[in-house]
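The values are calculated or read from the model by the stated rules, or taken from the named source; none is laboratory data. Note that the structure is predicted; figures quoted are calculated from it, not measured. Here the Cβ is made from the backbone with ideal geometry for all residues, glycine too, and neighbour counts use every protein chain on show.
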Amino acid sequence: MTEANELVKLTAAQMAEKIRNKEVSSRELVDAELNVIDAAEPDIHAFLHVSADEARAQADAFDAKNAKGETEGLPELAGVPIAIKDMIVTKGIETTAASKILEGWIPPYDATVITKLKAAGMPLLGKTNLDEFAQGSSTEHSAFGPTHNPWDTSRVPGGSGGGSASAVAAFEAPLALGTDTGGSIRQPGSLTGTVGVKPTYGGVSRFGAIAMASSLDQIGPVSRNVLDSALLQEVIGGHDVRDSTSIPMDVPPIVKAAREGYKRDLKGMKVGLVKQLGGDGYQPGVEARFNEAVKLLQSMGAEVVEVDCPHFDYALAAYYIVMPSEVSSNLARYDGMRYGLRVMPPEGVPQTAANMMAYTREAGFGDEVKRRIILGIYALSAGYYDAWYGSAQKVRTLIIDDFKKAFEQADVLIAPTSPTTAFKFGEKMNDPLTMYMSDVATIPANMAGTPAMSIPAGLSDDGLPVGFQFMAPQKHDEQMYKPAAALEAALEEQWGGPVWQSLKTPWLDSAK
Amino acid sequence: MQGELNVIADSINKVQEVASDDVEPTANPVPLEAYLRPDVPETPLRREDALAGAPATESGMFVAPRILGGEA
């Protein structure tokens with residue numbers, strides 16, 4: 001094991017501290033990560049594009065400023081590199097949403113979160129793989145091939161943000177950004193033994209996030225521990241006039257809450273166990289790790305109460321009306337006119353705009369995206385809008401009411417993140433309903449706009465990671481960071497270190 | 001595809017079990033008052049940047065195939 005390999009195993013906070021102490025430069029961190037990326041990618045395929053030149057240039061620019069003492073006042077993570085889900089636009093760096101319809105597209109502007117990362121001096125390592133337009137739970141729907149789970153490369157890393165989760169799990173990056181519409185940050189976190197956070201809807205600007213389902217989408221952090229996610233969310237969060245759903249408020253005190261949590265004192269905290277999220281369909285190994293973690297929360301002084309959220313049983317059905325409806329509307333913009341793919345009709349077919357759009361979409365969209373567009377158009381059929389989309393919107397109200405009642409009894413809610421550990425490639429591809437069940441425990445938070453996060457709860461009896469989910473009230477993300485940090489600290493004490501100690505990393509041995 | 005349309009039909013039936021007349025629909029889960037951003041001038045995207053990703057351009061404009069059908 002080389003020194004550079006030890007470097008990439010540090011947490012982002014530790015990397016930042018070494019930068020501040022001038023023990024390591026941003027450039028050294030970037031080079032170390034790029035070496036791991038070179039070595040890991042043949043097996044993992046977490047990245048669609050590695051922006052090595054840009055990352056080195058950003059790191060050098062930061063190091064030059066740091067040498068002159070001009071980095072005062074920058075966020076704590078200044079100089080630490082990060083990977084970006086290819087659902088977020090980056091000026092001058094190809095952005096595809098893992099779709100052939102956007103292959104080769106170079107965005108002319110940066111998403112707000114990218115502007116903030118650049119201002120913080122955080123180099124962008126590259127763009128990570130996903131299910132096409134973030135539609136899927138395994139990354140198998142990427143037009144450019146799936147990402148592999150570092151814990152077992154014959155298995156999926158979850159999705160849609162499998163690339164970001166695998167990159168962080170495999171030490172190709174200390175941090176990443178994801179987007180979460182129904183669980184696309186948290187479920188991959190669960191399946192790869194990493195931390196994934198979906199902030200409050202509107203807590204992080206979505207300007208420059210490629211739209212999937214606009215009433216659900218949220219950008220959030222991916223990391224290997226709770227504090228790193230908190231630090232990253234403080235960098236990217238906050239009000240943005242370019243996003244009309246952005247909440248005009250400051251980021252809640254999440255870093256403070258995480259640091260408080262590491263003291264492992266949860267006396268006075270009430271934790272609500274959601275009755276509806278468990279039991280049938282949840283693997284015994286997932287439930288076992290979950291239940292042990294609940295006991296640990298109790299041992300730190302938390303009071304655990306069962307909460308009843310009867311309308312969570314309707315969340316998946318409502319999601320599968322709301323989501324495709326909004327997808328069908330959002331993806332209408334890919335019309336071959338202003339950017340992206342254009343396929344003209346073959347000879348003999350009238351060369352009209354309408355025919356061009358049809359041929360472009362036929363060639364440019366994959367099966368799952370087409371499936372959801374068709375379902376969405378059906379759900380929005382003229383004359384049925386109120387009865388169908390409208391009914392699903394009413395279920396959202398009922399789910400929000402369930403959350404409100406639950407938060408009268410508890411400060412934070414808990415559930416397994418996903419009912420299963422990582423599954424094999426192809427296992428669920430022919431059965432969309434089983435695939436959708438992967439998100440049954442993450443969807444309620446999207447429907448209600450509440451913040452939620454997944455942290456590793458250990459390994460199931462199959463040796464694969466299990467995720468533990470916390471859900472907090474809207475605009476109070478700090479209420480989940482505290483118990484999440486406490487649980488992480490308690491679990492790591494039991495394990496004698498982070499969950500990734502059990503991860504075999506042959507690619508690190510071959511890294512330069 | 002027919003099977004999948006049945007799935008959405010099942011979803012519709014399921015939500016209609018509880019979506020009664022007295023429940024208000026939710027469009028944005030975090031209700032916000034609409035507001036105007038400060039009226040401060042900004043530099044917009046330059047025309048060449050906006051056109052840079054276009055499949056076809058001419059004289060600073062997007063080129064679209066003809067809109068109407070008829071003789072090719």
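Condition check ((1) under 30 Å from A:M249 (Cβ atoms); (2) surrounded by 11 or more Cβ atoms within 10 Å (Cβ to Cβ)) across all residues:
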site: B:D22; (1), (2): no, no
site: B:Y35; (1), (2): yes, no
site: B:E42; (1), (2): yes, no
site: B:P55; (1), (2): no, yes
site: B:R66; (1), (2): no, yes
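Is there a residue in segment A:217-228 that is surrounded by fewer than 18 Cβ atoms within 10 Å (Cβ to Cβ) and in contact (Cβ under 8 Å) with a residue 60 or more places away in the chain? No: segment A:217-228 contains no residue that is surrounded by fewer than 18 Cβ atoms within 10 Å (Cβ to Cβ) and in contact (Cβ under 8 Å) with a residue 60 or more places away in the chain. Scanning segment B:2-22 for residues that are in a loop (DSSP other than H, G, I, E, B) and more than 7 Å from chain A (Cβ to nearest Cβ) yields a count of 3.
If the condition is being over 24 Å from the mean Cα position of the chain (by Cα), in a helix (DSSP H, G or I) and not hydroxyl-bearing (S, T, Y), then segment A:299-332 contributes A:P310, A:H311, A:A332.
The residues in segment A:161-185 that are assigned to a loop (DSSP other than H, G, I, E, B) and either under 8 Å from the mean Cα position of the chain (by Cα) or of a type in the set (D, E, K, R) (or both) can be counted, and the count is 6.
The one condition from (1) in contact (Cβ under 8 Å) with a residue 40 or more places away in the chain; (2) facing chain B (nearest Cβ under 7 Å); (3) under 16 Å from B:I8 (Cβ atoms) that A:R372 does not meet is (2). For segment B:23-47, the set of residues classified as more than 25 Å from A:Y201 (Cβ to Cβ) and more than 7 Å from chain A (Cβ to nearest Cβ) consists of B:D39, B:V40, B:P41, B:E42, B:T43, B:P44, B:R46, B:R47, listed by residue number. Just checking, does segment A:50-65 include any residue being within 14 Å of chain B (Cβ to nearest Cβ), in contact with a helix residue (DSSP H, G or I) (Cβ under 7 Å, 6 or more places away or on another chain) and under 17 Å from A:G163 (Cα atoms)? No, every residue in segment A:50-65 fails to be within 14 Å of chain B (Cβ to nearest Cβ), in contact with a helix residue (DSSP H, G or I) (Cβ under 7 Å, 6 or more places away or on another chain) and under 17 Å from A:G163 (Cα atoms). Considering each residue of segment A:470-493 in turn, at least one proves to be without any contact (Cβ under 8 Å) to a residue 40 or more places away in the chain and surrounded by fewer than 20 Cβ atoms within 10 Å (Cβ to Cβ). In segment B:48-67, of all residues being in contact with a Gly (Cβ under 9 Å, 6 or more places away or on another chain) and more than 7 Å from chain A (Cβ to nearest Cβ), the one that is nearest to A:T95 (Cα to Cα) corresponds to B:L51.
Entry remark, segment A:310-352: residues being farther than 30 Å from A:D401 by Cβ and either touching a helix residue (DSSP H, G or I) at 6+ places or on another chain (Cβ under 7 Å) or among the hydrophobic types (A, V, I, L, M, F, W, C) (or both) number 13 in total.
With respect to (1) part of a helix (DSSP H, G or I); (2) within 21 Å of A:A134 (Cα to Cα), the lone exception for A:L232 is condition (2). Note on segment A:341-363: residues that are crowded, with 22+ Cβ neighbours inside 10 Å and more than 7 Å from chain B (Cβ to nearest Cβ) total 1.
In segment A:102-148, of all residues being in contact with a helix residue (DSSP H, G or I) (Cβ under 7 Å, 6 or more places away or on another chain) and in a strand (DSSP E or B), the one that is nearest to the other protein chains (Cβ to nearest Cβ) corresponds to A:L124.
Would you confirm whether any residue within segment A:454-464 is over 19 Å from the mean Cα position of the chain (by Cα) and at pLDDT below 95? No, that holds for no residue. Residue check: is A:Y314 closer than 22 Å to A:P432 by Cα and at the interface with chain B (Cβ under 7 Å from one of its Cβ atoms)? Here the answer is yes, as A:Y314 does meet what is asked. When A:T128, A:T112, A:T71 are checked against the criterion of being modelled with pLDDT under 95, in contact with a Phe, Trp or Tyr (Cβ under 9 Å, 6 or more places away or on another chain) and closer than 26 Å to A:V226 by Cα, A:T71 stands alone in meeting it.
For segment A:442-456, the candidate set comprises residues that are assigned to a strand (DSSP E or B) and among the small types (G, A, S); within that set, the residue that is surrounded by the most Cβ atoms within 10 Å (Cβ to Cβ) is A:S454.
Looking only at residues of segment A:379-396 that are within 9 Å of another protein chain (Cβ to nearest Cβ) and surrounded by fewer than 19 Cβ atoms within 10 Å (Cβ to Cβ), we find that the one that is modelled with the highest pLDDT is A:G390.
Okay, residues lined up against (1) over 22 Å from A:M15 (Cβ atoms); (2) surrounded by fewer than 22 Cβ atoms within 10 Å (Cβ to Cβ); (3) among the acidic types (D, E):
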{"position": "A:A57", "(1), (2), (3)": "no, yes, no"}
{"position": "A:M87", "(1), (2), (3)": "yes, no, no"}
{"position": "A:S99", "(1), (2), (3)": "yes, no, no"}
{"position": "A:I106", "(1), (2), (3)": "yes, yes, no"}
{"position": "A:G121", "(1), (2), (3)": "no, no, no"}
{"position": "A:F133", "(1), (2), (3)": "yes, no, no"}
